Amino acid sequence: MKISDIRIDYSLKSLDVTDVQDCPIEQFKKWFGEALEAKVIEVNAMNLSTVQSDGRPNARIVLLKGVDSGFVFFTNYQSKKGLELEVNPNVAATFYWAELERQVRIIGSVEKVTAEESDEYYFSRPYSSQVGAWVSPQSHEIENRDYLAKKESEYQQKFTPETITRPEHWGGYRINVSEIEFWQGRPSRLHDRILYQKDKLGNWKISRLAP
C-alpha cells in the first residue's frame, strides 16, 4: 500500500461553538476526562515544540502532569528543551487522541512552577525516578550506557529514599495559554475546529475555523 492511499473517515462525534465551555481549560478538562474513560493510550502525552536559538523549531513528546491555570510538565532545566526555553519561552503543544478522533493544539509561553510545586511532584515519584533525575545529564552526550549504570549506582549509595533531595536543575514548567484549538474529526475531511483566543483583557474569544 502506498502511504498516500492511507485514509480514515472520521465519524464518531461533532463539535460546535454552542457545545463548548466558556473557558478552554474547563473544556480541556472535559475532553481529558472523556479520553480517560475511553482508555486512550498515553492520554497525557503531548508533543511539545520549542524554538532553537537559530529560529528552527524543535519538538518532542513530554507527559502532562497537571492542569490548573495552565498545563504543567516537568523536566531537566539543563536539557535541550530547558535551555531553549530559557532563551525563548514561547511554545506550542499538541495532544492527539486517536480513539476519540480528537486533537488539541495549544499556543502559549512557559514559566517555571514554584520550588514547592516541583518538590511536591518530585517526591510523589518512585525512588528510582527520583534517582534518575540526578543520574542523567539530559540531552548531553555520554560515552555509553555504562555511564548511566555507574552514576545510578553512585547516587543509590549517596541517597536513600528517606534522604534524597530534588536536584536544583530539575523541576516544572507551566504553559500559560494564549490560544487553544479543539479539533474533532468529521466525515469528508470537513472537521470541526473550535478556537479560543485570549484578548488583552484576558477574556476568551471563541470562533469556528474552516477545516
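Read-outs: derived from the displayed coordinates by stated rules, not from any lab. Since this is a predicted model, take the numbers as computed values, not measurements. With ideal geometry, Cβ positions are generated from the backbone for all residues, glycine too; neighbour counts draw on all protein chains shown.
Computed over the chain, the P(r) tail beyond 29 angstrom holds 37 percent of alpha carbon pairs. 3J(HN,Hα) along the stretch 174-182, derived from phi through the Karplus expression 6.51 cos²θ - 1.76 cosθ + 1.60 where θ = phi - 60°, amounts to 10, 8, 8, 7, 10, 9, 8, 10, 9 Hz, with x in place of Gly and Pro.
Working note: Karplus 6.51/-1.76/1.60 with θ = phi - 60° gives the stretch 26-37 the couplings 5, 5, 4, 4, 5, 5, 5, x, 5, 5, 4, 4 Hz, where Gly and Pro are set to x. Spatial offset of the stretch 1-32 relative to the stretch 34-77 amounts to 18 Å, using the alpha carbon center of each. Per-residue ellipticity at 222 nm from helix content only, as computed over the chain with -39500 (n - 2.57) for each DSSP H run of at least four residues, stands at -7500 deg cm²/dmol. With no solvent and one point per C-alpha, what does the Debye sum give as log10 I(q)/I(0) for the stretch 88-173 at q = 0.11, 0.15, 0.17, 0.18 Å⁻¹? Log-scaled intensity ratios, in q order: -0.48, -0.78, -0.89, -0.93. Less than 5 angstrom separates the built amide H of Gln21 from those of Gln27, all sequence-distant by 5 or more or on a different chain. Quantify how much of the Cα-Cα distance distribution of the stretch 126-165 extends past 12 Å, in percent. Roughly 57 percent, rounded to a whole number.
A crude spin-label estimate for the pair Arg189 and Thr163, with each label 7 Å from Cα along the Cβ direction, gives 6.3 nm.
In straight-distance terms, cross-link reach from Lys150 covers every one of the aspartates and glutamates whose alpha-carbon lies under 19 Å from its own, apart from those fewer than eight places away in the same chain; here that gives Glu141. When the Cα convex hull of the stretch 1-83 is projected onto planes of every orientation, the mean area is 9.1 nm². Using a cutoff of 8 angstrom between alpha carbon atoms and counting only pairs six or more residues apart, the relative contact order for the chain works out to 26 percent. Along the stretch 198-206 the Karplus relation, 6.51 cos²θ - 1.76 cosθ + 1.60 evaluated at θ = phi - 60°, assigns HN-Hα couplings of 8, 8, 5, 8, x, 8, 9, 9, 10 Hz to successive residues, with x for each Gly and Pro.
Relative contact order (percent) for the stretch 14-128, with alpha-carbon contacts under 8 angstrom and 6 or more residues of separation? Don't skip to the end; give the middle numbers.
Numbers: 125 pairs, mean separation 24.2, N = 115.
21 percent.
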